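Taking it in order: structure first as structure tokens, then the write-up.
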Amino acid sequence: MIRAALVVRDLATVATLACGPVPRVGEAMADLTAIDGGAVAVDRGRVVWVGPERRLPYEVRLRAGGRTVLGRGGTAVPGFVDPHTHVLFAGDRSDELAWKVAGASYAEIARRGGGLLSTVRATRKASDGQLLRETEARLRRMAAAGTTAVEVKSGYALDHAGELRLLRLIPLLARRTGLRLVPTYLGAHAVPPEFARHPDAYVRTILRRTLPAVARGRLARFCDVFCEPGFFSVAEAERILRSARVLGLGLKVHADEFVVSGGARLAARLRATSADHLLATPERDRRRLAVAGVTAVVLPLTAFASSVARRSPARELVDAGVPVALGSDCSPNTWVEEIPGVLAAAVHAGRLTPAEALTAATVNAAHAIGLTDAGTIKVGRPADLAVFPVGSASSLGYRFDVRPSVVLRQGKPISPP
Ligand code: ZN
């Protein structure tokens, strides 16, 4: 008999995503390895049993004082993994919406003192306490909607000490929220105003000072670069990423968001872990990503929030054989915290099936941030899962704002904010 401290049962189905290669590509993205009438048993924070509920009484014994969670005919899925967020910032940019609605471009908004650099000003000014408080509230809302692991980028300080400060806050946020957080250094998010006339001097600061300090302090697992005209060129991105790789960091690229920046091509050449956005990536570069095995992180609500008339290329990427992951891109520009809406956008605008979208938001998203034991419900893995009050996994992606009745992180319920 297997001993368990917690059992989740009375479920229509458990989408385990436990079988198949990681990351999933092509047709394998549609296979959820679902167990109809399934149940899950948890002990010491890990899954110890998963199978049909009818076998539960013969194979699992609840410890004295153990708990049973009733799914009430719902669907259990792995906790969502959000592999692309800028969730660590201060303030908001709601006052810029009127400009956006009137058709002002990203560059015009920046000229009026808005956009990314206005968030940089607010973040530099904010105390640690304010940053922790505001970010913790966002992370708790993410968790209440079913997310149990989140990638968190720096990139709103853009100076040496400030970027290190942001990265040092991430483990504190993990402790406060109980979530699994993966830190990414994104000093190359934009050129800060004090370097506006000497962007190469900023790249040199990253290469000589900040990146080595990030690696020495083990403050980040990945290095990311915003590769786009007016931000960082392919050559600059390549220098930064090659140096990050030598220092032991994984590589990510903000690629082809506005125009064909060459970012996806660079990600393929460097065999980066992921290339993100990809709104403008041409067919030939999609094929390069597939050949190089780079995961495409698709952010279907970003084009919508940026009022860009471009559809998320999720379908095209899957059809090209690229492993696809989904993220919120939670930031002051795209203030999206909850993955169920991202799944629905990936289905309705990105033309993924609900099963493909769920794969993209769990096991493939975990792969995109180097988590080998997340995004599945599998014996021996952390018991990170969510139960949704829907009769099948395909209702995720169909209903925009469905919320879980239970979210477990390491077998413990995450209480709503
Ligand atoms: Zn981003």
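Taking segment 42-87 and the strands (runs of 3 or more DSSP E) fully enclosed by it, no element has 3 or more residues that are closer than 27 Å to T177 by Cα, in contact with a His (Cβ under 8 Å, 6 or more places away or on another chain) and modelled with pLDDT under 95.
Look at G187 and say whether it is within 16 Å of the ligand (Cβ to nearest atom) and farther than 23 Å from D285 by Cβ. Yes: the conditions hold for G187. Say whether the condition of being of a type in the set (A, V, I, L, M) and open to solvent by 40 Å² or more (accessible area, probe 1.4 Å) is met by at least one residue in segment 220-234. Yes, the conditions are met somewhere in segment 220-234. Given the conditions (1) at pLDDT 95 or above; (2) more than 16 Å from the ligand (Cβ to nearest atom); (3) not in a helix (DSSP H, G or I), which single one is not true for R311? Answer for R311: the failing condition is (1).
If you go through segment 109-150 and keep only what is β-branched (V, I, T) and at pLDDT below 95, you end up with just I109. Of the residues making up segment 81-94, one or more are closer than 30 Å to A126 by Cα and without any contact (Cβ under 8 Å) to a residue 12 or more places away in the chain. Taken over segment 142-161, the criterion of being assigned to a helix (DSSP H, G or I) and within 15 Å of H86 (Cα to Cα) is satisfied by M142 alone. Answer yes if at least one residue in segment 59-80 is surrounded by 15 or more Cβ atoms within 10 Å (Cβ to Cβ), over 25 Å from D401 (Cα atoms), within 16 Å of the ligand (Cβ to nearest atom) and not hydrophobic (A, V, I, L, M, F, W, C), and no otherwise. No, because not a single residue in segment 59-80 is surrounded by 15 or more Cβ atoms within 10 Å (Cβ to Cβ), over 25 Å from D401 (Cα atoms), within 16 Å of the ligand (Cβ to nearest atom) and not hydrophobic (A, V, I, L, M, F, W, C). Only residues that are surrounded by fewer than 24 Cβ atoms within 10 Å (Cβ to Cβ) and small (G, A, S) were counted across segment 284-330, and they come to 10.
Among the residues of segment 289-302, those that are within 14 Å of the ligand (Cβ to nearest atom) and in contact (Cβ under 8 Å) with a residue 40 or more places away in the chain comprise V297, V298, L299, P300, L301, T302.
Being within 15 Å of the ligand (Cβ to nearest atom) and either assigned to a loop (DSSP other than H, G, I, E, B) or closer than 17 Å to G187 by Cβ (or both) is the filter here; which residues of segment 256-266 pass it?
Once the filter is applied, which keeps residues that are within 15 Å of the ligand (Cβ to nearest atom) and either assigned to a loop (DSSP other than H, G, I, E, B) or closer than 17 Å to G187 by Cβ (or both), segment 256-266 yields D256, E257, F258, S261, G263.
Checking the structure you have, find out if any residue of segment 5-14 is acidic (D, E), more than 16 Å from Q410 (Cβ to Cβ) and not in a strand (DSSP E or B). No, segment 5-14 contains no residue that is acidic (D, E), more than 16 Å from Q410 (Cβ to Cβ) and not in a strand (DSSP E or B). Checking each residue in segment 358-408 for being among the aliphatic types (A, V, I, L, M), open to solvent by 10 Å² or more (accessible area, probe 1.4 Å) and touching a Leu at 6+ places or on another chain (Cβ under 7 Å) picks out only A393.
Of everything in segment 271-288, what is more than 13 Å from the ligand (Cβ to nearest atom) and touching a strand residue (DSSP E or B) at 6+ places or on another chain (Cβ under 6 Å)? Give them in sequence order. Correct list: A272, T273.
Counting only residues that are without any contact (Cβ under 8 Å) to a residue 12 or more places away in the chain and among the aliphatic types (A, V, I, L, M), segment 200-235 holds 2 of them. When each of L241, L249, L270 is tested for being open to solvent by 10 Å² or more (accessible area, probe 1.4 Å), modelled with pLDDT of 95 or more and either among the aliphatic types (A, V, I, L, M) or within 20 Å of V318 (Cβ to Cβ) (or both), the lone residue that passes is L249.
The residues on offer are G51, G37, and the sole one that is farther than 22 Å from G327 by Cα and either in the same structural domain as F226 (by TED's automatic domain parsing) or open to solvent by less than 10 Å² (accessible area, probe 1.4 Å) (or both) is G51. Selection over segment 81-98 of residues that are within 23 Å of N364 (Cα to Cα) and either touching a Gly at 6+ places or on another chain (Cβ under 8 Å) or surrounded by fewer than 18 Cβ atoms within 10 Å (Cβ to Cβ) (or both) gives a count of 6.
The numbered conditions (1) in contact with a Cys (Cβ under 6 Å, 6 or more places away or on another chain); (2) of a type outside the set (D, E, K, R); (3) touching a residue at least 60 places away in the same chain (Cβ under 8 Å) are all true for S261 except (3).
The values are calculated or read from the model by the stated rules, or taken from the named source; none is laboratory data. Keep in mind that what you see is a predicted model, and the values were worked out from it rather than measured. Backbone-built Cβ (ideal geometry, glycine too); neighbour counts: all protein chains shown. Remember, those area values only see protein heavy atoms, side chains included, never the ligands or the DNA or RNA. Shrake-Rupley method; radii C 1.70, N 1.55, O 1.52, S 1.80 Å.
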